[in-house]
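Data first, discussion second: the structure below is written as structure tokens.
Derivation of every value follows stated rules applied to the coordinates shown; laboratory data play no part. Bear in mind the structure is a predicted one, so any value in this text is a computation, not a measurement. Ideal geometry is used to build each Cβ from the backbone, glycine not excepted, and the neighbour counts take in all protein chains shown.
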Amino acid sequence: MPSATQIVFTPALGQVVTLPPGVAKVAVYATTPHPAELEARFTGGSAKFDEINLDSTADLFTDREFLTEVVLEEGEDFKSQKLDWLDVHDWEGWAWYRPRDTWIEAYHTSLSKLSPDTPTHNLLLHPTNINIDSNSVLAVFPASTQEIFVTLSGARDGEAPGIYARARRVKRGDKIKTHVGGKLTVHKGKITAIKGAVDVVCAEQGLPGTSFTKHEGESPFDRLGFCTWSSIGENVPLTLDLMDNLVQLLAKNEIPIGTFIIDDGWQDIRYGFNGHEKARGLWDFGTWDVMKAPLSDVVSLIKKTLPTVKDVGVWMTLAGYWNSIAPNSPLAKKYEMRTFKLNRDNVPGIVWHDDGFDGQQSGTITKPEDRFYCLPPPHLAYTFWRDYFSSCAEAGVTFAKVDNQAYGSYLDGVEGGEQFVAMWNGMTKAANDVFGENKVIHCMAHYERMFNGDIGMGIATGGKRIVIRNSDDFGLDRPNVHRNHIQYNIFNGMLNSQLCFIPDADMFMTGAQWPEYHAVLRAFFEGPILLADKPGASDLNVVRKLIGRSPQNVYETVTAPETIRLLARNVWERFLDAGEGPAIKGAAKFPNSNSASIVLWNARQDALYNSSDIIFEGDLIDALTGTELSSSSLKTLEVAIWLFTSGKAMSAALNSFPIYPEYDPVLSSPLLSISLPPEAMEVLTIAPFYQVGNVKIANLGLIDKYAGLAAVKNTNVAENKLTTEIIFDGILGFLVSGSSGDLDSKINLAIDNVPQQFSVVSKDGNLSLVQVDLTKLPTAQGKTSWIIELAFH
């Protein structure tokens, strides 16, 4: 309900109105940008206000674009420039800080308290000024290039209060420039604002905007993956015996791994050659001696023991290894390696006490000013990477995970910036040439050019989306690490899903560390699903909820078509606080079935409290339609709601459609309350009912999978028959409403024209669940789906 300051009465309250002779009534008008129910009370009775929609020309409620050009003149290496259009007293919201060397994370803050030191890479804000429409959203996007890196920060000592663009030259030469864009939207949502801010910059730089393509065809990231990092042990050098034990136990458990990553610990490295006795540098392209086998033997062992594995990838860093190349190695001589100083001032850090940071910036190098990197010069960067990847490909490797990318930000001076750009450009071109397009997981890669620059904007990749790790590592030894992992991934996903990226939520364990809490997040992300269980410790019940067998007898991950986003009202809720309160609530659309899912995670502080939520009609509308919603886009819709964890079912008629594309769902009708204990999550499947004969039937997809709607290719109804195409096996569920008596005798069900058995379970409210087991269906080469027909008589 809007506050009194947001309602204007005509005539004004308290105003005396003189009626001419013969006039027995007067109209009083109330103007407000929000839906409201008002009642006038007078002597002898009362009357409700009728709603009239009028065109408005008020600037206060109009979308706006903002743009600041940042120029570095010849010889100018740094610049700070105030954003005059951004008043720090008017806004609060989410700032994407870089509190760690290689990761960016979202923290809630008042804009007046934005850090003056820790770089900010994006802003998503809502107003604190009562004179600005409360449904306004302002997104701010500082765009970096291959010539200039830009971030934001609050005012520093001696500067007037405000938000400043901080620019650094990374290309020698003449005058260079870039831009900071802003987009203010009213009643159009958060994603629209984020996309709009990026598009503002794209338009100014003559770019087409946020329209990207995804590599078609087979990808190693579509199949269930496994990674050795947390499994064999972090910082444990790999040996052939350790690898053999791991793959033998995976084979024994019959886990259909399709993609395998040999993570850190396989390479030939040396210690003590990069300015410190513990510094580790790459020596050559082979395996270290204790492995007791060349890389080709390790790849062969994996594929022989796990016949479902089609792709094997290897780990490395953008500098070759954590502390670059060993300066006296054979590689250093062959590729004319040069040394580059590191400068911590390029990415300043700060100790935070009140806003959620857990201390000083953490990094892969202590005191970088005492170290250096040894790297091939820019003109040999591509050659180095081509030779490196080619040696891996000759051993049977088909993709790479390239880690610690953002640490190149510390390469000192303009020359160091040029080197950083050249290493990434050379690496990606070589990977495309050797492995094919989109065969790299870009990891620890949160920095200006990637998160906010020509890579994220698609310029560097020709508009082709690349896989990027979306957050810091899973399961670190930090307070609230599990709930924070969900929060960072979903908030980073809000941005990265609008950029030229496929977000990867990192590996996780099915047998330890809140397994289902993390598993469901991966099911609603576009990126790869990578397991990292200790040898023999996988939980097959969790694994089965993530994968499905195709009609061609290939196991693939069952995932949502788009990365999950927060429900609109959840963006500003206090879901991380202590005590009982709201959960993190995300939504994902499944266009093939006109359906959606809402996922809830209990994220209360320290995992000590239950979460408590009411799900409203408006939340379902938000999930089904997204934030782009007009009042005429939907008619009354009856939907089924299926709760994955509890197995409960209900139906709802969605009638309360908003006047504006984004509105407060709590003004709509409440549907159900959900309370979750610590470590818990819940998935709500929302599917439309179809009229089939005398009953209504909703296709729930595979009810034994977290994202089971992803298995539905399409659904059609003709008279008394519902037909659906399903692309994975599992337990298919239909919710039937309106039938009385023996439902078993009223349904005929066939798969590919062959009668099929099914079971019926009664639910509350005259609802029945029809379950069909697809796990024993025959497969065939070239077959893309099973056709299920459900007839009611």
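At a glance:
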| quantity | calculated |
| --- | --- |
| Ranking of Arg172, Arg41, Arg223 by count of other Cβ atoms within 10 Å, fewest first | Arg41, Arg172, Arg223 |
| Computed [θ] at 222 nm, helices only, for the chain once each DSSP H run of length n ≥ 4 contributes -39500 (n - 2.57) | -5000 deg cm²/dmol |
| Cβ-derived FRET efficiency at R0 25 Å, Val236 paired with Glu277, nearest 0.05 | 0.75 |
| The chain, Cα convex hull volume normalised per residue, Å³ | 189 |
| Dipole magnitude of the chain, debye to nearest 20 (Cβ charges: Lys/Arg +1, Asp/Glu -1, about Cα centre) | 900 |
| Ordering of 776-784, 595-603 by burial proxy (mean other Cβ atoms within 10 Å per residue, highest first) | 595-603, 776-784 |
| Of all DSSP beta bridges in the chain, antiparallel share, percent nearest 5 | 85 |
| Reach of Lys79 by Cα under 27 Å, taken over lysines that are not fewer than 8 positions away in the same chain | Lys113, Lys171, Lys175, Lys177, Lys183, Lys195, Lys341, Lys367 |
| Theoretical FRET efficiency, 1/(1+(r/R0)^6), r = Cβ-Cβ of Ser759 and Glu65, R0 51 Å, to 0.05 | 0.35 |
| Pairs beyond 24 Å (Cα-Cα), from Lys589/Lys713; Lys214/Lys721; Lys303/Lys429 | Lys214/Lys721; Lys303/Lys429 |
| Ordering of 43-49, 338-344, 152-158, 122-128 by packing [mean C-beta count within 10 Å, highest first] | 122-128, 338-344, 152-158, 43-49 |
| Relative packing of peptides 756-769, 529-542, 233-246 - highest average C-beta neighbours within 10 Å first | 529-542, 233-246, 756-769 |
| Electrostatic dipole magnitude of segment 681-793 [Cβ: Lys, Arg +1; Asp, Glu -1; Cα centre; debye, to 20] | 160 |
| Span-like helix ranges in the chain, DSSP H, alpha carbon extent 15 angstrom or more, Kyte mean at least -0.5 | 190-204, 240-252, 295-305, 378-394, 413-434 |
| Distance histogram for segment 225-544 (every C-alpha pair counted, 10 angstrom bins, percent rounded to whole numbers) | 6, 26, 36, 26, 7, 0 |
| Ranked Phe389, Phe141, Phe212, criterion: other C-beta atoms within 10 Å, fewest first | Phe212, Phe389, Phe141 |
| Placed amide H near Asp577: partners under 5 Å, 5+ positions off or other chain | Gln605 |
